[in-house]
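Read through the structure below, which is laid out as structure tokens, and then see the notes.
The values are calculated or read from the model by the stated rules, or taken from the named source; none is laboratory data. Note that this is a predicted model, so its numbers are computed, not measured. When we count neighbours, we look across all protein chains shown, and the Cβ atoms used for this are built from the backbone with ideal geometry, even at glycine. Ligands, DNA and RNA are stripped out before the accessible areas are found, and what is left, the full protein with its side chains, is counted by its heavy atoms. Shrake-Rupley method; radii C 1.70, N 1.55, O 1.52, S 1.80 Å.
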Amino acid sequence: MIRRFSLSIQPLLHGKMAQQSFRHEGFCVGPVTPMEPNGDVRLESIQAYSDHLLASGVNGLFLNGTCAEGLSMTVAERKSLAEKWISVGRGKYDKIIVHCGALSLRDARELATHAEAIGADAISAVPSFYFPPRNIEELTKAIAEVASAAPKTPFIYYHNPGRTHVSVDMALFIQHAKTHIPTFAGIKWAASDLAGLLRCKALHGDSIALMWANDDVLLGALAVGIRSFNGTTYSFSTKTARSIVDAYKRGDTAGAAREQLYLKTVVDLLEEDGNWLQRHKAILEFLTGIPTGPARLPLPPLTDAAIKKLTLDYTKLQTDFEAEKARHIN
């Protein structure tokens, strides 16, 4: 059994390597999109938002993705957001990735061409998922359509099967993408499958970038060897995430586990009633004072009472954790 497995993976180790390289180490955030009460995009909040992220230690951006409600925005809105973020962030972040995925591959190609023109460090895309690709060959062909619209820019595949319901063996997909997509450079891994991530890391090593996107299991990805963390809560939890990494690096596994448990509890609080994105925006505004506004329909707005309870619950969670940390230190 072991010998057959070794032989089956041998071709994966000798395929053509990606022609585009992309490297990131640190914390890359998917920023939310600030909005007016009526759902219009509020570009005026982005400068203050960027200043906050940089001050907190974030060194990468993943624009127009899930947290940004990218697939709920028009092509024109996505272009204007990418332009604004790049204008305020150029030279300040190590990497700025623009997500271009759309139900229409023609829209995705238009967004990819635009992202390259405005100087994105990389582009990314989920697959078109209303008529989803059904296997590795179909997925590669569809993704190649998007990537080829930005031929000078590294392409990061956005693996998010929980939302797209497109799920293929990523280790085999990587091999296929390497030989069919010249700009293929990595994966943003939003699946919860650590075993699959480990297999990709073992088979493909550092030939591609692997970016972990599950804040509540950051410690597991660290153990697998991941060093790029592309999260949702890093708009306000980078300090905790960095504490997990620092504790792990100095061999303090108990301390890393405590910090990870706290971050997991924060994620659980955000997801408590299913309105995680709306609650995420409310906490960010509460902590920073930056107007983020509501989420866009069809996501329902939070009531004032719900926001008040959320902020009280978050404050108590934070206070209790700080008290527990102090007990361990003493």
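Pick out, from the stretch 168-254, the helices (runs of 4 or more DSSP H) lying fully within it that include 1 or more residues that are open to solvent by 10 Å² or more (accessible area, probe 1.4 Å) and farther than 18 Å from F155 by Cα. Steps first, answer last, please.
Values: elements: 170-180, 194-204, 218-224, 234-249.
Hits in the stretch 168-254: 194-204, 218-224, 234-249.
Need the failing condition index for C100 against (1) modelled with pLDDT of 95 or more; (2) touching a Gly at 6+ places or on another chain (Cβ under 6 Å), just the number.
Every listed condition holds for C100 apart from (2).
Can you name every residue in the stretch 85-118 that is farther than 24 Å from L54 by Cβ and either in contact (Cβ under 8 Å) with a residue 60 or more places away in the chain or small (G, A, S) (or both)?
Answer for the stretch 85-118, where residues must be farther than 24 Å from L54 by Cβ and either in contact (Cβ under 8 Å) with a residue 60 or more places away in the chain or small (G, A, S) (or both): G101, A102, S104, A108, A112, A117.
When you check T153 against the structure, is it part of a helix (DSSP H, G or I), open to solvent by less than 10 Å² (accessible area, probe 1.4 Å), modelled with pLDDT of 95 or more and not hydrophobic (A, V, I, L, M, F, W, C), yes or no? Please lay out each step first, then the result.
Numbers: part of a helix (DSSP H, G or I): no; open to solvent by less than 10 Å² (accessible area, probe 1.4 Å): yes; modelled with pLDDT of 95 or more: yes; not hydrophobic (A, V, I, L, M, F, W, C): yes.
Considered against the rule, which asks whether it is part of a helix (DSSP H, G or I), open to solvent by less than 10 Å² (accessible area, probe 1.4 Å), modelled with pLDDT of 95 or more and not hydrophobic (A, V, I, L, M, F, W, C), T153 comes out as no.
Scan the stretch 127-148 for residues that are of a type outside the set (D, E, K, R), assigned to a loop (DSSP other than H, G, I, E, B) and open to solvent by 10 Å² or more (accessible area, probe 1.4 Å) and report the count.
Kept after step one, since they are of a type outside the set (D, E, K, R), are these residues of the stretch 127-148: 127-133, 135-136, 139-140, 142-144, 146-148.
Subset that is assigned to a loop (DSSP other than H, G, I, E, B): 127-133, 135, 148.
From what's left, open to solvent by 10 Å² or more (accessible area, probe 1.4 Å): 128-133, 135, 148.
Total satisfying the criteria: 8.
Kindly provide the set of residues from the stretch 248-263 that are farther than 13 Å from T238 by Cα and not hydroxyl-bearing (S, T, Y), ordered by number.
Taking the stretch 248-263 first, the residues farther than 13 Å from T238 by Cα are 248-258, 261.
Across the stretch 248-263, the qualifying residues are K249, R250, G251, D252, A254, G255, A256, A257, R258, L261.
Surrounded by fewer than 19 Cβ atoms within 10 Å (Cβ to Cβ) and in contact (Cβ under 8 Å) with a residue 24 or more places away in the chain: which single residue out of L284, L302, L297, L310 fits that description?
Working: L284 fails: surrounded by fewer than 19 Cβ atoms within 10 Å (Cβ to Cβ); L302 fails: surrounded by fewer than 19 Cβ atoms within 10 Å (Cβ to Cβ); L310 fails: surrounded by fewer than 19 Cβ atoms within 10 Å (Cβ to Cβ).
The unique qualifying residue is L297.
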